[in-house]
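Presented below is the structure to which this report refers.
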Amino acid sequence: MATIYSTTNDGYVYRTASSWTSSRNGATGTSYNSTLTSNVQAISASRFAARGGGYSYTIYRTFLHFDTSGISGTVTDATLKIRGRTFNTGDVIALKATSGIATLTAADYDNIEGWDNANSDGSGGGDNESSVTKYSAEISTWSTSGYNDFALTSQAKTDMQNDDNLYVCLMNYDYDLKDIATTGFSDTRNGMYYANYTGTSRDPKIEYEVASAVTDNAIFFGTNF
């Protein structure tokens, strides 16, 4: 089993607005961070009461970048492993991000392959589940004291073996991906550690296996052709 770690440019981009549609639809985030060691709401979709009335909607998306240039051969098995912390109230999915996230900025908020903001309404009109490229299935449990495992899809494994880089977005599944506005004083968030944490004991990583090369060593004795 081999291991690759996320680069230290991993991090989050979040956007805050006074409406769900504005928060989810923006192409540019309110802010980002690619130097932190961890965040308690790294993947989240929340609504809070705002000062002066109304609400504030905030969505966090985490982006990871893996150098896969050293992988040769067919990737037969791969698991993305994310070390959780503090909060575990959301379902999460891994999606294919675009190469723009290699140098993370606030402008990378929607740099997700297949993402479309056109019909977002907070009631499922902008559900992007069928348009994005999934790198995992939805996971509905989240450890805050250990690693959370995402079994990577065949597309993710193909990209690992064919491309020099793998770009990943971790997103809240039920609200952000499905375009369902949070209600009440809801707070759905998952915390995690990033590659800037000291050492690699809590870094995002992918553990994978590559098919063994087949060598033809057959020797024929006394065969008449």
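Of all residues in the stretch 14-35 being within 26 Å of residue 197 (Cβ to Cβ) and in a loop (DSSP other than H, G, I, E, B), which is most open to solvent (accessible area, probe 1.4 Å)?
The extreme case among them is 35.
Which residue out of 101, 4 is modelled with pLDDT of 95 or more, part of a helix (DSSP H, G or I) and under 24 Å from residue 207 (Cα atoms)?
So the residue among 101, 4 that is modelled with pLDDT of 95 or more, part of a helix (DSSP H, G or I) and under 24 Å from residue 207 (Cα atoms) is 101.
Got at least one residue in the stretch 52-73 being in contact with a helix residue (DSSP H, G or I) (Cβ under 6 Å, 6 or more places away or on another chain) and over 26 Å from residue 177 (Cβ atoms)?
Yes, the stretch 52-73 contains at least one residue that is in contact with a helix residue (DSSP H, G or I) (Cβ under 6 Å, 6 or more places away or on another chain) and over 26 Å from residue 177 (Cβ atoms).
Quick one: which strands (runs of 3 or more DSSP E) sit completely within the stretch 136-196 and have at least 3 residues that are open to solvent by less than 20 Å² (accessible area, probe 1.4 Å) and touching a residue at least 12 places away in the same chain (Cβ under 8 Å)?
165-172, 187-193
Please go through (1) assigned to a strand (DSSP E or B); (2) open to solvent by less than 50 Å² (accessible area, probe 1.4 Å); (3) within 22 Å of residue 34 (Cα to Cα) for residue 110 and return the number of the only condition it doesn't satisfy.
(1)
The values are calculated or read from the model by the stated rules, or taken from the named source; none is laboratory data. This one's a predicted model, so the numbers in the text were calculated from it and none came from an experiment. All Cβ positions, even for glycine, are placed from backbone atoms using ideal geometry, and neighbour counts span all protein chains on display. Quick note on the areas: whole protein, heavy atoms, side chains included, nothing else; ligands and nucleic acids left out. Shrake-Rupley method; radii C 1.70, N 1.55, O 1.52, S 1.80 Å.
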